[in-house]
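The values are calculated or read from the model by the stated rules, or taken from the named source; none is laboratory data. None of these values were measured; they are calculated from a predicted model. Methodologically, a virtual Cβ is constructed for each residue, glycine included, from the backbone with ideal geometry; neighbour enumeration extends over all protein chains shown. Heads up: the accessible areas ignore ligands, DNA and RNA and are worked out on the full protein's heavy atoms, side chains in. Shrake-Rupley method; radii C 1.70, N 1.55, O 1.52, S 1.80 Å.
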Amino acid sequence: MPDNRLGMYLSTRYLIGLGHRRIAFIGGVESISDYQERKQGFMRAMEEAGLSVETGDIEPSSTKRQGGKIALNRVLDRAPDITAIVCFTDVVAYGAYTALRERGLTPGKDIAVVGFDDLEDSRLMSPALTTVRVSAEDIALMACERLQQWRENQKVPESALVGVELVIRSSCCSVGK
């Protein structure tokens, strides 16, 4: 599994470093472990920076584009002073882009947006999406290692985390820019 906590922590810390103080977390289904882990990474970064998170700053939704669009609209309807959004996935971020544009806002200029997964289309978005890269190759290699361990000893560790990397593109602005 990717290190979900670390990925969301890194992306949130990056936004905080750009001067953002009101950051929302949108997308994802509360009943899945990836959601809980990513939310924990977000909360840890906010707490370490001494920033409060209002109940309405976290908006679960489906992981489809429409879910991102709905979640972003709900968050901004409650808190129009949000300056940055971390998204459960890149697909959720694509929906957030749509919602921002429909509101007359420009992603990366008016509100910073970060995704998670580094899908191929993310670098082609306008602006190119800052995201957390999860290496499918690393996951495949670890799965092969675990399979080999199983074949040799009939035992493998219960879980293993694959590293993640923050890929900085042009969807994040400093506050006031």
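Enter the accessible area per residue of region 1-138 (Å², integer; probe 1.4 Å; all protein chains in place).
43 Å²
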If we restrict to alpha carbons, what Rg and Dmax does region 17-78 come to, in Å?
11.8, 32
As an exercise, use a Förster radius of 30 Å and the Cβ-Cβ distance of Val53 and Leu124 to find the FRET efficiency, rounded to the nearest 0.05.
0.45
Please quote Rg/Rh for region 23-142 to two decimal places, taking the Kirkwood radius as Rh and restricting both calculations to Cα atoms.
0.96
Stretch Glu152-Ser170 to full length: gain in nm at 0.36 nm per residue minus the Cα-Cα span?
1.8 nm
Long-range amide H partners of Thr130 with built H, under 5 Å:
Gly115, Arg169, Ser170, Ser171, Cys172
Subtract the Cα-Cα distance of Met1 and Val29 from 0.36 nm times their separation in residues, and report this length gain in nm to one decimal.
8.4 nm
